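The values are calculated or read from the model by the stated rules, or taken from the named source; none is laboratory data. Computed from a prediction, not measured in an experiment: that's the story for all the values here. FYI the Cβ positions are ideal-geometry reconstructions off the backbone, even for glycines, and counts take in every protein chain you see.
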Amino acid sequence: MKYVDEFRDPILARHLIAHIEKLVPLAGGTEEKPIAIMEICGGHTHAIFRYGLDRLLPAGLEFLHGPGCPVCVLPMSRVDDCIEIAERKEVIFTTFGDAMRVPGTRKSLMQAKADGADIRMVYSPLDALALARKFPDRQVVFFGLGFETTMPATALTVLTAARDGVSNFFLFCNHILVPPPLRALLQDPQMRIDGFIGPGHVSMITGAKPYRFIAGEFGKPLVIAGFEPLDLLQSISMVLEQLAEGRAEIENQYARLVLEDGNPQAMAAIDTVFEPRDSFDWRGLGEIDHSGVKIRPAYAAYDAEQKFGVGYGAGKTAGREPDGCRCGDVIKGLAKPTACPKFGTECLPEQPLGALMVSSEGACAAYYQYGGVRQEAAE
């Protein structure tokens, strides 16, 4: 790849679309019973709608939008925990911008900031560590969230704090893992998933091996994909080729960046700082075994859960979603955003009711920004 235009070539796109149109009936897809392909990553959801791929592909193919948006699957109780920490006068609470407007049961972090809490948006955990150095008399907490993609940076920041003896930096760890919720979805009798478009950024860290159970145990194909239009079209065709040929394998379309074994250095940093939780609660999916990580005892001095006595395992419930909100069904692939009665009316990007309208990777935000009116009219 030299230029991004190579992956947006309209001639190549037309060839791939024609190939997909031939493959869909061979794979068993019809308008009445379309082939259901779940794109796991929210970045892929936005790319599909941004480039209009949903309109270009045949009616015998349906996209399901998976749980690959970390802000979207954050339970309301985790937001409540953040606010409980942030409202302490000795605390500077830091977070990525996407999490600021996610509603908790009482308020969002943005509202807590307006009420006087010292909450600051940062671009990386190292920014939070820099604040801890600058304000040694304050307790600086970083809200660590995200999948395997963002875990290495958080882990390395904790290691840096330990190496340099920074004692007023803490991590509120809500990092989660991609494979466990996919297993939960495949075990759900309500779900019909024929194949997966695998996450590109996560796979740069983990490699392809963590997805092998999808093909080996459940007989479903998965193709790791890049984020440009031709990446996605080629990946869709690769999934359909497997289905047409009766195969189920883990393939890597994004080979220019994703290696089979991922990034060993990044994985080593994750393993040094974090260990699996027994279970973690996901918005819309509930408790999933071994789907989150926590700080290892060796680095407990940096654990905000222990420092402030809040967080997972503190006996709190996940929190009740607003009446009528269907974020959970959308995350599970059981409903499209436009099936939610709140979509585009009471739930808007400026005043979201659910996390899927907040996040830049949320399915509801993608539908609203790129296709909400069209999708609503089609129904």
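Quick check on this structure: which one of Leu182, Leu222, Leu171, Leu186 is outside the structural domain of Phe49 (by TED's automatic domain parsing) and in contact with a Gly (Cβ under 6 Å, 6 or more places away or on another chain)?
Every option except Leu171 fails the conditions.
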Exercise. Only one of these conditions is not met by Pro58: (1) assigned to a helix (DSSP H, G or I); (2) of a type outside the set (D, E, K, R); (3) surrounded by fewer than 19 Cβ atoms within 10 Å (Cβ to Cβ); (4) modelled with pLDDT under 95. Which number is it?
Worked result: (1)
Problem set entry | Unique residue being touching a Lys or Arg at 6+ places or on another chain (Cβ under 8 Å), buried (at least 19 other Cβ atoms within 10 Å of the Cβ) and over 20 Å from Pro34 (Cα atoms) when the list is Ile250, Ile224 | Ile250
For this session: Identify the residue in the range 98-107 that is assigned to a helix (DSSP H, G or I) and at pLDDT 90 or above and, among all such residues, is nearest to the chain's Cα centre (by Cα).
Result: Ala99
Exercise. Only one of (1) at pLDDT below 95; (2) crowded, with 24+ Cβ neighbours inside 10 Å fails for Phe170. Which number is that?
Worked result: (1)
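Scan Ile11, Ile48, Ile83 and give me the residue that is among the hydrophobic types (A, V, I, L, M, F, W, C), assigned by TED's automatic domain parsing to the domain that holds Phe142 and not in a strand (DSSP E or B).
Just a single option satisfies the conditions, and that option is Ile83.
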For this session: Kindly provide the set of residues from the range 336-351 that are over 22 Å from the mean Cα position of the chain (by Cα), exposed (fewer than 14 other Cβ atoms within 10 Å of the Cβ) and more than 19 Å from His65 (Cα to Cα), ordered by number.
Result: Thr345
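Quick check on Gly97: is it free of Cβ contacts under 8 Å to residues at least 40 places away in the same chain, of a type outside the set (A, V, I, L, M) and touching a strand residue (DSSP E or B) at 6+ places or on another chain (Cβ under 9 Å)?
Details: free of Cβ contacts under 8 Å to residues at least 40 places away in the same chain: yes; of a type outside the set (A, V, I, L, M): yes; touching a strand residue (DSSP E or B) at 6+ places or on another chain (Cβ under 9 Å): yes.
Taking the combined requirement at face value, the residue satisfies it.
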Problem set entry | Qualifying helices (runs of 4 or more DSSP H) (wholly inside the range 108-220; at least 2 residues being closer than 23 Å to Gln242 by Cα and in contact with a Leu (Cβ under 9 Å, 6 or more places away or on another chain)) | 179-187, 200-206, 212-216
Exercise. Has the range 339-356 got at least one residue that is modelled with pLDDT under 80 and aromatic (Phe, Trp, Tyr)?
Worked result: no
Problem set entry | Subset of the range 78-90 (residues that are buried (at least 21 other Cβ atoms within 10 Å of the Cβ) and either over 18 Å from the mean Cα position of the chain (by Cα) or among the charged types (D, E, K, R) (or both)) | Arg78, Asp81, Cys82, Ile83, Ile85, Ala86
Exercise. So which residues in the range 336-358 are without any contact (Cβ under 8 Å) to a residue 40 or more places away in the chain and among the aliphatic types (A, V, I, L, M), if there are any at all?
Worked result: Leu348, Met357
For this session: Consider only pairs whose beta carbons are under 7 Å apart and that are at least six residues apart or on different chains; among these, list those whose first residue lies in the range 298-310 and is closer than 16 Å to Phe143 by Cα and whose second residue is polar (S, T, N, Q).
Result: Ala300/Gln306
Problem set entry | Scan of the range 253-296 for residues that are touching a His at 6+ places or on another chain (Cβ under 9 Å), small (Gly, Ala, Ser) and crowded, with 20+ Cβ neighbours inside 10 Å, ordered by number | Gly292
